Amino acid sequence: MEPVYRTVIGIARTVFTLEGLKFTVKGDQHIPATGGAVIAINHTGYMDFTYAGLPVRSVKRYVRFMAKKEVFDNKISGPIMRALKHIPVDRSAGSDSYKAAVDFLRRGELVGVYPEATISRSFEIKEFKSGAARMAIEANVPIVPMVIWGAQRVWTKGFPKRLGRTNTPISIAVGEPIQPFEPASELTEELHATMTAVLAALLQGY
C-alpha cells in the first residue's frame, strides 16, 4: 500500500475528468505484473508522465520516474516527489541517479525513463540516449516501450497551456517487452525502432 501515491493518482484522475481528457490505452497486458522493468516513454509534453502511469495501474503497480533535480528542490513538488519515491537526476552528477535507478530495478520496481532526455519539439521520436538500455542490461530486466500521443496538445514547450476542459483525446500504446542484450548501442537502436513503429501505428488510429 502506498497511500500518498494512491492519493496523487486519485487527484490526477479527477483533474483528467475535469479537463475532459479522453484516453485510449492499448497493450497494457505487456506491463509486467511482477519484477523490475524499465518503462521507456517518448516525451512530447510536460504532463505525459502523469498519463504514463495509467497502463501500469492495470496490474496495480507504480512507476518510479527519473526527473530533473530542480523538481525535487521545489518546496511544493519536492516533498511529493520524494514521497512517491521518484528518482532525482542531477545532470552534473548523473552517475548517482543511474545507480539509484539500477538499485530500484534490482529490487523489482518499474522505473520510468525518457530515452530522448528532453521534449521532442517535432513530436517525432528523437535520437535516444543509451541510459535506458544500460540500466536494463546492468539490472537484467526488460525494457517496456510506451508511446503517448496527444500530451503535446495539453501542455508542451513553446505553446500555450491548455489545462482547461479541452476534451483532448490522448492515446497510449505499450509494446512488447524487449529483453536486455549487449551491446547497449544495439539495444538502444532496437528500442528506438520499436517505439518509432508503435508511434506510427498509434497515429493511424488517432
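Looking for something touching a residue at least 60 places away in the same chain (Cβ under 8 Å), under 21 Å from Ala101 (Cβ atoms) and open to solvent by 10 Å² or more (accessible area, probe 1.4 Å) - is there at least one such residue anywhere in segment 154-172?
Looking for residues that are touching a residue at least 60 places away in the same chain (Cβ under 8 Å), under 21 Å from Ala101 (Cβ atoms) and open to solvent by 10 Å² or more (accessible area, probe 1.4 Å), one finds none in segment 154-172, hence no.
Looking only at segment 120-142, count how many residues are open to solvent by less than 10 Å² (accessible area, probe 1.4 Å) and under 19 Å from Leu202 (Cα atoms).
Looking only at that region, the number is 1.
Quick check on my filter: what residues within segment 40-82 are among the hydroxyl-bearing types (Ser, Thr, Tyr) and in contact (Cβ under 8 Å) with a residue 24 or more places away in the chain?
Thr44, Tyr46, Thr50, Tyr51, Ser58, Tyr62
Quick test of your reading of the structure: Thr44 fulfils all but one of (1) part of a loop (DSSP other than H, G, I, E, B); (2) open to solvent by 30 Å² or more (accessible area, probe 1.4 Å); (3) of a type in the set (Val, Ile, Thr). Name the failing condition by number.
(2)
Within segment 3-23, restricting attention to residues that are out of contact with any helix residue (DSSP H, G or I) (no Cβ under 9 Å at 6 or more places or on another chain) and over 19 Å from Lys161 (Cβ atoms), which residue is surrounded by the fewest Cβ atoms within 10 Å (Cβ to Cβ)?
Selected residue: Pro3.
Can you tell me which residue in segment 67-100 is farthest from Ile39 (Cα to Cα), limited to those that are of a type in the set (A, V, I, L, M) and open to solvent by 30 Å² or more (accessible area, probe 1.4 Å)?
Only one residue tops the list, namely Ile76.
Out of Arg13, Arg82, report the one residue that is among the basic types (Lys, Arg) and touching a Phe, Trp or Tyr at 6+ places or on another chain (Cβ under 9 Å).
Arg82
Return the total of residues in segment 100-116 being touching a residue at least 24 places away in the same chain (Cβ under 8 Å) and either under 22 Å from Leu199 (Cα atoms) or of a type in the set (Gly, Ala, Ser) (or both).
9
Taking only segment 162-206 into account, find how many residues are in a loop (DSSP other than H, G, I, E, B), closer than 23 Å to Val56 by Cα and among the β-branched types (Val, Ile, Thr).
1
The values are calculated or read from the model by the stated rules, or taken from the named source; none is laboratory data. Model, not experiment: these values are computed from the prediction. Ideal geometry is used to build each Cβ from the backbone, glycine not excepted, and the neighbour counts take in all protein chains shown. Heavy atoms of the whole protein, side chains included, go into the accessibility calculation; ligands, DNA and RNA do not. Shrake-Rupley method; radii C 1.70, N 1.55, O 1.52, S 1.80 Å.
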